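This report concerns only the one structure given below.
The values are calculated or read from the model by the stated rules, or taken from the named source; none is laboratory data. Predicted, not measured: the structure shown is a model, and the values here were computed from it. So basically every Cβ, Gly included, is an ideal-geometry build from the backbone, and we count neighbours across all protein chains shown. Remember, those area values only see protein heavy atoms, side chains included, never the ligands or the DNA or RNA. Shrake-Rupley method; radii C 1.70, N 1.55, O 1.52, S 1.80 Å.
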Amino acid sequence: MCGIFGCALLGDNSGEVLYASLKRLEYRGYDSAGQATINSGRILVAKDVGRIDEVDSSHGMSRMRGRIGIGHTRWATHGAPSRENAHPHLDCSGRIAIVHNGIIENFMELRELLQKRGHAFKSRTDSEVISHLIEDFMRRGEGFVGAVRLTAEILRGSFASAAICLDEPDKIVCIRRESPLIVGIGEIGNFCSSDIPALLPYTNKVIPLEDGDLAIVDPKGVRILDWRTGSAVEREVVEISWSPEIAMKSGFAHFMLKEIYEQPMAIRNVLRGQRIYYELAASMLRRASKVFLVACGTSHHACIFGSYAMANLSGLASYPVIASEFEAQYKNLIDEDALVLAVSQSGETADTLNAVRAAKAKGASVIGITNTMGSSLTRLSDVYIGQNSGPEIGVAATKTFTAQVVVLLKLAMELAKSGSPRSGIDSLAEELAALPSKMEEAIRTSEEKVKHIAMKYSAKGSFCFLARGVNVPTALEGRLKLLELSYLPALAYPAGESKHGFIAVVEDGYPVIFLAPRDSTRERIIGNMMEMKARGASIIALIERGDEELKELADDFIEMPPCANELLYPPIYAVPLQLFAYYTSTLKGYDPDMPRNLAKSVTVV
Ligand code: AGP
């Protein structure tokens, strides 16, 4: 996601400090950068699309003077990458500047309200409402800090935001809810930052802000208030001993593990996605005579899930197809009534883009689902939905897979609104809102057990993943994760298919991983387990917490949180499979962030 940095210095070299710190946030991924400083009674702004060095050479970021400044690396979510959408954003008068990381859920209604009150917006971002809200409260007599506090109270969604104002030019005011924000206490001044690596050259004394914190950072000190009550709060100063490399990974050994842990947040961001895009996409799907779900790799597995979800919830039949096979298989079926729903984390996968271009050339409509705003897929799509997972640095897709699954589930639910009884959808929506906490629980409760199982089985030469129904795409994804990170020839099948060939491979000790939640597939899965067990297979089962019968049957088991609706199992059950691939890879001495022969984005056919 975006990165923010602010400095309140004893000297006036904030331009240089901001520029150097934004460079340290580069690893998070970004499409534009900018900074603002207060100098001689004015707010100076330098911002643009492109690399930080490019923005510096065209706009002189590092030469900006002033003791107080804020900076930003933007990773577009609302509004394409452009100079106007780059941060910092000013208010109408040019006296207030803000930077923001997160998603403001109610920005559309706030923007409308502010426009009616005479505010002129320059960008298409959700973030710009923050500077105008602060301005609006100040116009009504509030001081700078009070205005930021009132602004925090009416924002819905997630935010880490830093603001500066000419009326009180000696301070930065920061607020936080859900998005990370850390204050640094240094010798040359004080700081705020999205993460620790950017702070380390200046200080190792930090205060990680908590939800509801408002920090007033000036060159000589830091005060923290609770923006919900206005009262002062005490926060512990923590001394960091991480190396810069470990700090970039927030203390995790690899980006992949960090990204596995980021999944609850990534799902929260999907749940915050603007409804209007889902409504538009659903109305296109309803009108289409044929629907093709086109993608590669992990995104293809998400599409298989999407196809199950749309059929089960709304009765819509769709064809999930591997992008490189799309033309060969379906070119004669593509016409103006067809619709291609293309899913691509990067939005740049050549096979997926080629399939989209071929479909467009025959007049088909295109819906894109992607993690990368401004990517080729967003430009080729008639409508696109951003999955807002934040940049994924590990080559293996983790948080972007579970986010795609949830985007597709939301779309299926939107489609279902016109068809099936609302009560089913309403209870699913309620359970979906609790999914991020279930993901947290799945990570927390399964990691140690997975580590143990990975140690026990890491010397095996092959594995097979079996599941039924909506859990099949998760099994396929577990297989892909394991083979791409551990270079093991792993297999995966719908369990019913296992006796049509695969069973010939099974011998004493061959490890078979079953996805066996307590759902409509359970009885038949037990039958498949017995078949494998009878041939000497070692059974590793992902089971629902407290399923004693399966504990008896399996050689090893991992207990997962229960769900009332089986469509919620895939993102939860993906977690231990991702962890299993991660730990098997590290036990074998491989680098899970950079598996051999693979690229994060495959831009060749
Ligand atoms: C998954 O771990 C792989 N990195 C790969 O299969 C990937 O999902 C595939 O190349 C598709 O990428 P995309 O989602 O960016 O289009």
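Could the peptides 330-338, 528-536 be put in order, highest first, of the mean number of other beta-carbon atoms found within 10 Å of their residues? Could you put the intermediate results ahead of the total?
On the way: 330-338: 14.4, 528-536: 16.7.
In decreasing order of mean packing, 330-338, 528-536 become 528-536, 330-338.
So if I place +1 on the C-beta of Lys and Arg and -1 on the C-beta of Asp and Glu, and nothing else carries charge, what would the dipole magnitude of the chain be about its Cα centre? I want it in debye, nearest 20.
Numbers: 66 positive and 73 negative charges, 190 e Å.
For the chain, the charge dipole is close to 920 debye.
Calculate the length of the line joining the C-alpha centroid of the range 245-260 to that of the range 312-376, in whole Å.
Using only Cα atoms, the two centres lie 33 Å from each other.
Tilt of helix 144-154 relative to the longest C-alpha principal axis of the chain, in degrees (0 to 90, nearest 10)?
30
Post the alpha-carbon centroid distance, the range 556-605 to the range 407-471, in whole angstrom.
After rounding, the separation between the Cα centres reads 12 Å.
Using only Cα atoms, find the angle between the long axis of helix 569-587 and the longest principal axis of the chain, and express it within 0 to 90 degrees, rounded to the nearest 10.
90
What is the packing order of peptides 131-143, 201-213, taking the mean over residues of other C-beta atoms within 10 Å and listing the highest first?
Details: 131-143: 19.8, 201-213: 17.8.
Top of the packing list down: 131-143, 201-213.
I'd like the Karplus ³J(HN,Hα) series for the range 23-38: coefficients 6.51, -1.76, 1.60, θ = phi - 60°, whole numbers in Hz, and an x wherever there's a Gly or Pro.
4, 6, 8, 3, 4, 6, x, 6, 10, 8, 8, x, 8, 9, 10, 9
Cα centroid distance between the range 273-287 and the range 500-549, in Å?
39
Taking the alpha-carbon distance from LYS600 and a cut-off under 21 Å, which lysines remain once sequence neighbours fewer than 8 residues away in the same chain are dropped?
LYS249, LYS258, LYS399, LYS481
Return the carbon/sulfur percentage of the accessible area of the chain, one whole number, probe 1.4 Å, all protein chains in place.
Working: 11170 of 22430 Å².
Carbon plus sulfur share of accessible area: 50 percent.
What's the ranking of 572-578, 410-416 by average number of surrounding C-beta atoms within 10 Å, highest first? Working shown, then result.
Working: 572-578: 26.7, 410-416: 23.7.
The packing order, highest mean first, is 572-578, 410-416.
Which residue, chosen from LEU542, SER32, SER161, occupies the Cα position most advanced towards the positive end of the dipole of the chain, where the dipole is computed from +1 (Lys, Arg) and -1 (Asp, Glu) charges on Cβ about the Cα centre?
SER32
Could you give the angle, 0 to 90 degrees to the nearest 10, between helix 297-314's Cα long axis and the longest principal axis of the Cα atoms of the chain?
Tilt relative to the chain: about 80 degrees.
Would you please classify the overall shape of the chain from the alpha carbon gyration tensor, given that a ≥ b ≥ c denote the square roots of the eigenvalues, rounded means a/c under 1.5, and beyond that prolate means a/b larger than b/c while oblate covers the rest?
Numbers: a/c = 2.03, a/b = 1.60, b/c = 1.27.
Prolate.
Shape of the range 255-433 from its Cα gyration tensor (a ≥ b ≥ c, root eigenvalues): rounded if a/c is under 1.5, otherwise prolate when a/b > b/c, or oblate? Before the final figure, lay out the partial values.
Numbers: a/c = 1.81, a/b = 1.10, b/c = 1.65.
It is oblate, given that a/c is not under 1.5 and a/b is not larger than b/c.
Could you please report the charge total around TYR590, scoring K, R as +1 and D, E as -1 over all other residues with beta-carbon less than 12 angstrom from its beta-carbon? It would help to have the intermediate numbers written out before the result.
Numbers: positive: LYS588, ARG596; negative: GLU484, ASP591, ASP593.
Here the charged neighbours net out to -1.
Could you compute the net charge surrounding GLY66? Neighbours are other residues with a C-beta less than 15 Å from the C-beta of GLY66; K and R count +1, D and E count -1. Could the numbers behind the result be given before it?
Values: positive: ARG42, ARG63, ARG65, ARG67, ARG95, LYS171; negative: ASP12, GLU16, GLU168, ASP170, ASP218.
The answer is +1.
Within a Cβ distance under 9 Å of CYS2, other residues only, what is the Lys/Arg minus Asp/Glu net charge?
Numbers: positive: ARG28, ARG74; negative: none.
Taking every Cβ under 9 Å from that of CYS2, the sum is +2.
So for the range 83-242, what percent of the C-alpha to C-alpha distances run longer than 25 Å? Could the numbers behind the result be given before it?
Details: 3408 of 12720 pairs.
Roughly 27 percent, rounded to a whole number.
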